[in-house]
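Chemist: Input: one structure, supplied below.
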């Protein structure tokens, strides 16, 4: 019977560590996935690699999210349990125990702009959701906690996002073209030329909607292509940023992962840095 089937589906969903659903057709051009993760790990921390996309995260386990953006475990950023994550080119370490029950919306690159009035420089930042959505952001966590099951939580989350949307919901064609082109390895100069924009105008437009400059965003995609070649078919796990590397304490060195996808902290050019990391990865 239909009612029994829905209850069985809800029961199965409640036991799965990661449940991800596709967004509605209206949201599909902007949102990659709406998801919930529940689980515990044998390790205390994970290093989350940059994906180039923005997210909204809500921690259902506790009303706090902690990030370790520095090189040492003394550096911690504490925020309330519902936040917007800006696009990043840096990795960040997270506390896996604290994020044992978390829901998220992962935007497509440039997909957050109809829903989030992001700061002028939205890269490498975390902003508490109530600062952007007001009362609706402040109450979202309570609304999700009140939902009956995972399916209801994801529906409630999607409805809350739609309520914040600017109308009409239309993706930006220039950003869509650029993101697709960068994904195929086409350079920034060629993409700018094909769009018929000046370099300055394209940089401003892309950065405003994506949260990263075109060059920095393209670096993130190149970085993931390198990872994919080294680990064919490796699946990204949704969470606070995407692909993860296990880490036992914040600040633990990992020669396989550059701190920033660009110049090294000591000024070493990116090309030299990539060769260093490739050699280190082969030795590991």
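The values are calculated or read from the model by the stated rules, or taken from the named source; none is laboratory data. Predicted model only: the values in this text are computed from it and were never measured. No Cβ is skipped: glycine too gets one built from the backbone with ideal geometry, and neighbour counts run over all protein chains shown.
Chemist: Mind checking which residues of segment 37-59 are over 17 Å from the mean Cα position of the chain (by Cα) and touching a residue at least 12 places away in the same chain (Cβ under 8 Å)?
Modeler: Result: 38, 39, 40, 41, 43, 44, 45.
Matching residues to (1) at pLDDT 90 or above; (2) assigned by TED's automatic domain parsing to the domain that holds residue 226; (3) in a strand (DSSP E or B):
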residue	(1), (2), (3)
27	yes, no, no
36	yes, no, yes
42	no, no, no
51	no, no, no
67	no, no, yes
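This table checks each residue for (1) in the same structural domain as residue 25 (by TED's automatic domain parsing); (2) in contact (Cβ under 8 Å) with a residue 24 or more places away in the chain; (3) surrounded by fewer than 20 Cβ atoms within 10 Å (Cβ to Cβ); (4) more than 17 Å from the chain's Cα centre (by Cα).
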{"site": "90", "(1), (2), (3), (4)": "yes, yes, yes, no"}
{"site": "95", "(1), (2), (3), (4)": "yes, yes, yes, no"}
{"site": "107", "(1), (2), (3), (4)": "yes, yes, no, no"}
{"site": "111", "(1), (2), (3), (4)": "yes, yes, no, no"}
{"site": "114", "(1), (2), (3), (4)": "yes, yes, no, no"}
{"site": "127", "(1), (2), (3), (4)": "yes, yes, yes, no"}
{"site": "135", "(1), (2), (3), (4)": "yes, no, yes, yes"}
{"site": "146", "(1), (2), (3), (4)": "yes, no, yes, yes"}
{"site": "153", "(1), (2), (3), (4)": "yes, yes, no, yes"}
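Chemist: So, of the residues in segment 212-231 that are modelled with pLDDT of 85 or more and part of a loop (DSSP other than H, G, I, E, B), which turns out to be surrounded by the fewest Cβ atoms within 10 Å (Cβ to Cβ)?
Modeler: Top of the filtered list is 213.
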